Every structure is written in structure tokens, then in C-alpha cells.
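Peer 1: Let me begin by handing over the structure; questions about it come next.
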Amino acid sequence: MITKEQVQHIANLAHIQLQEQEVERFQKDFASILEYFEILNEVDVAGIDPMTHSGTEEKKGRPAYWRGREDKPRRETEERRGKLLSLFPLVKGKFLQVPQVPWQSGKSTNNS
């Protein structure tokens, strides 16, 4: 079973605060997840090559998961830029505005 201290440590890494009842719920949830990984560890995978993607077929020297267009630089038209900017809720000039990300003051995530 995962301890309350471990749950609190994970919550601190994620910059979230948990109430006591939430800590207890996450203890159970994390334990359930870890039990599932134990089941997966029992699967015999000897002789099976590791995969990074579900596609294995290559096309023009590229893996099958790479289905996009050629990555070539191109000039963006004002019309296309305008269409893209119109899809975003907050725009200032030709820049997209995003909400400020709140950080907890006084707490550092750097463990060095």
C-alpha cells in the first residue's frame, strides 16, 4: 500500500494541495494502479521487440506513425494567419494571450 507521505510527495511535485479524504482516496487509487502494473509484469514478453508506436510499416523511409506533410518552411499568408488568430479567444496584435500560470511562492521544484 502506498503511504500518505508518498501521496503528499506526489501532490507536492504536481503543485496541488489535497484534503485528508483526498489523500486517502488517492492512496487507494494509486494502490489499484500499482496492482495493475504487477499483473502486466507477469506477462511473458521474451522475444518481443520493444515498440515506441503502434505502427511498424515504413513509408518513404519514415515510420508509419509519421503521416504528416513534409516539414518544409513556407511563408504564411495574412489570410491564413488571420483565420488562425480568429480561432483563439484572446489575441493582442499578432500574438496569442494566455492566462498567467500561478506558481507557489517560496517553494522550489529544483532539488539540486
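Peer 1: Where does each of 11-22, 83-94 land if you order them by average Cβ count within 10 Å, highest first? Provide the component values of the computation, followed by the final result.
Peer 2: Working: 11-22: 11.2, 83-94: 9.5.
My ranking of the peptides, most packed first, is 11-22, 83-94.
Peer 1: Would you mind getting me the FRET efficiency between GLU78 and VAL101? Use the beta-carbon distance for r and R0 = 30 Å, nearest 0.05. Display every interim value, and only then the final one.
Peer 2: On the way: r = 31 Å, r/R0 = 1.03.
So the FRET efficiency works out to roughly 0.45.
Peer 1: Would you mind calculating the gained length between GLU38 and VAL91 on full extension (0.36 nm times residue separation, minus the Cα-Cα distance), in nm to one decimal? The partial results should precede the final answer.
Peer 2: Details: separation 53, 0.36 × 53 = 19.08 nm, distance 4.82 nm.
Fully extending the segment from GLU38 to VAL91 adds 14.3 nm.
Peer 1: Say each of ASP29 and ALA11 gets a label point 7 Å from the Cα, pointing the same way as Cα to Cβ; how far apart are those two points in nm?
Peer 2: 1.1
Peer 1: What are the aspartates and glutamates whose alpha-carbon lies under 13 Å from the alpha-carbon of LYS94, with same-chain residues fewer than 8 places away excluded?
Peer 2: GLU76, GLU78, GLU79
No lab work stands behind these numbers, since they all come straight from the coordinates. Quick caveat, the model's predicted, so the values are computed rather than measured. Note that each Cβ is placed from the backbone with ideal geometry, even for glycine, and that neighbours are counted across all protein chains shown.
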